[in-house]
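Report on one structure; see the data block that follows.
The values are calculated or read from the model by the stated rules, or taken from the named source; none is laboratory data. Note that this is a predicted model, so its numbers are computed, not measured. Here the Cβ positions follow ideal geometry from the backbone for every residue, glycine too, while neighbour counts run over all protein chains shown.
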Amino acid sequence: MNDSTSAISPAWPTRWPKNSFSGVWSWLLAGFIAAIFIFSFVLGLQTNRVPPVTPFEFDLLIGVQFVVEGLLVILVLATLPALSKFSLRELGFRPLTLRNVGTAVAGAVAMVVVANGGASLIDYLAHSQHQQDIVLLFKELHDPTTLAVFAVFAIVFAPFAEETFFRVFFFNFGMRYAGFWGGAVLSGILFGIAHGDLYAAVPLTLGGMVLCGVYYRTGNAYASMISHAIFNTLSIVVLLVAPKAV
């Protein structure tokens, strides 16, 4: 039974059951994960922006993030079928089609335009040349192993984890009650603040909403992961090839 008042695309596989995302555990999980990202955002605003530059410090930072996000991914994947009343396959964890891949590539291009364009516009209006902490960290690294660890984390793990949180869980959770735009705004805002940077929050929020569009149009979680991975890959390539341009 679909008791949601929101419109659902005919191509979207989900027809929300009456008890989908309705129990207290759904709200507790959503609140718990959201609180973690909000706390990290507030903490990032209050800490010194001088980045640690040693490979050990950087590896430690990546390791902590890997453990925390890895545990959250396991928690979400383990509980999502019971909370949503749909299998992981129905929620998008299924083989890609060529059309899905094409949409993912187009989504990556749109994300570059929206996120990077938005960041450039904010810099122009604020008369600044702001850079995210992670960019400052990356520019200080010269150890090949550390750079490789960061690349794998940013291109493989981060897209899988963040798309699981923000698209498969929060987007569906929000869409269940408020339709596409409600889910996209919720997902996008949390995605934006999760990166812990005030200047980047708005552009990344818009980029996150683009990823919601990719996920919604394809009904495939791996498609938005590909878009996310391409975006991160292009960002790393620019940092390596033309660091002064970023």
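Being modelled with pLDDT of 95 or more, in a helix (DSSP H, G or I), within 20 Å of G70 (Cβ to Cβ) and not charged (D, E, K, R), is that true of even one residue in the range 140-153? No, every residue in the range 140-153 fails to be modelled with pLDDT of 95 or more, in a helix (DSSP H, G or I), within 20 Å of G70 (Cβ to Cβ) and not charged (D, E, K, R).
Yes/no per residue for (1) exposed (fewer than 11 other Cβ atoms within 10 Å of the Cβ); (2) modelled with pLDDT under 85:
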{"residue": "N2", "(1), (2)": "no, yes"}
{"residue": "W16", "(1), (2)": "no, yes"}
{"residue": "G23", "(1), (2)": "no, no"}
{"residue": "S26", "(1), (2)": "no, no"}
{"residue": "I36", "(1), (2)": "no, no"}
{"residue": "L43", "(1), (2)": "yes, yes"}
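Close Cβ contacts (under 7 Å, 6 or more residues apart or on different chains) running from residues in the range 19-32 that are more than 12 Å from L80 (Cα to Cα) to residues that are surrounded by fewer than 20 Cβ atoms within 10 Å (Cβ to Cβ) and of a type in the set (K, R) comprise N19/K85. Out of the residues in the range 46-56 that are closer than 24 Å to Y199 by Cα and surrounded by 11 or more Cβ atoms within 10 Å (Cβ to Cβ), state the one that is modelled with the highest pLDDT. If we take residues in the range 46-56 being closer than 24 Å to Y199 by Cα and surrounded by 11 or more Cβ atoms within 10 Å (Cβ to Cβ), then V53 is modelled with the highest pLDDT. Within the range 195-208, being crowded, with 23+ Cβ neighbours inside 10 Å and among the hydrophobic types (A, V, I, L, M, F, W, C) holds for A200, L204. Report whether or not L77 is closer than 21 Å to C212 by Cα, in contact (Cβ under 8 Å) with a residue 24 or more places away in the chain and in a helix (DSSP H, G or I). Yes, satisfied.
Scanning the range 155-188 for residues that are without any contact (Cβ under 8 Å) to a residue 40 or more places away in the chain, of a type in the set (A, V, I, L, M) and surrounded by fewer than 22 Cβ atoms within 10 Å (Cβ to Cβ) yields a single hit, V185.
When restricted to residues that are part of a helix (DSSP H, G or I) and either at pLDDT below 95 or under 12 Å from A221 (Cβ atoms) (or both), the range 84-110 contains 3.
When you scan the range 156-166, do you find a residue that is touching a helix residue (DSSP H, G or I) at 6+ places or on another chain (Cβ under 9 Å), modelled with pLDDT of 85 or more, under 13 Å from Y215 (Cα atoms) and hydroxyl-bearing (S, T, Y), even just one? Yes: the range 156-166 contains one or more residues that are touching a helix residue (DSSP H, G or I) at 6+ places or on another chain (Cβ under 9 Å), modelled with pLDDT of 85 or more, under 13 Å from Y215 (Cα atoms) and hydroxyl-bearing (S, T, Y). Selection of the range 194-219 for residues being part of a helix (DSSP H, G or I) and under 10 Å from the mean Cα position of the chain (by Cα) yields L204, T205, G207, G208, M209, L211, C212. Quick one: is G183 over 19 Å from F93 (Cβ atoms) and either touching a strand residue (DSSP E or B) at 6+ places or on another chain (Cβ under 6 Å) or in a helix (DSSP H, G or I) (or both)? No; evaluated as a whole, the condition is false for this residue.
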